[in-house]
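The values are calculated or read from the model by the stated rules, or taken from the named source; none is laboratory data. The structure displayed is predicted, hence computed values, not measured ones. Using ideal geometry, Cβ is built from the backbone for each residue, glycine included, and neighbour counts are taken over all protein chains shown. Calculation scope for accessible area: heavy atoms of the full protein, side chains included, ligands and nucleic acids excluded. Shrake-Rupley method; radii C 1.70, N 1.55, O 1.52, S 1.80 Å.
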Amino acid sequence: RHSRHLYDIHKLLPMIQLNAEFRDLVVEVRKGRLGSKVCHSANDGINPNKLLKKIIDEKTFKDDYDMVTETLLNEVVAYDEVIGSLKVVVDSEIFVF
């Protein structure tokens, strides 16, 4: 169910600039979600960039993406393609605080 977010990131990435202004937005959103029961990645002690790297390295959502998300799409977007977009986000270090 979470693999859909990979597709969303892939589609949204070309529309945003991973710059200081976006980093400021990330910080504000994270503050707003601090302590949330549904957004553990916003909690203190969590490094979102490391978490994203782990998702990439361990192919955490591959099976879900292949069996669920990919079948719902109106276009063919392979798992490796959406992971490439996630790697761009990680490499930008927009989530390194």
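Observations, loosely collected:
- Note on the chain: Lys pairs 8 or more places apart or on different chains, Cα atoms under 26 Å apart, count 25.
- Principal-axis tilt of helix 48-57 within the chain, Cα atoms, nearest 10 degrees: 20
- Over the chain, relative contact order from alpha-carbon pairs under 8 Å, at least 6 apart, %: 45
- Placing unit charges on each Cβ (+1 for Lys and Arg, -1 for Asp and Glu) gives the chain a dipole about its Cα centre, and among Ser85, Thr60, Val29 the Cα reaching farthest toward its positive end belongs to Val29.
- Formal net charge of residues neighbouring Ile94 (Cβ-Cβ distance under 14 Å; K, R +1; D, E -1): 0
- The range 38-97 - percent of accessible surface contributed by carbon and sulfur, probe 1.4 Å: 53
- q = 0.15, 0.25 Å⁻¹: log10 I(q)/I(0) that the Debye formula gives for the range 19-97, counting C-alpha atoms only: -0.65, -1.15
- Where the chain is the region considered: accessible area per residue in Å², 1.4 Å probe: 71
- Using alpha carbons only, the radius of gyration of the range 47-86 set against its Kirkwood radius gives Rg/Rh = 1.01.
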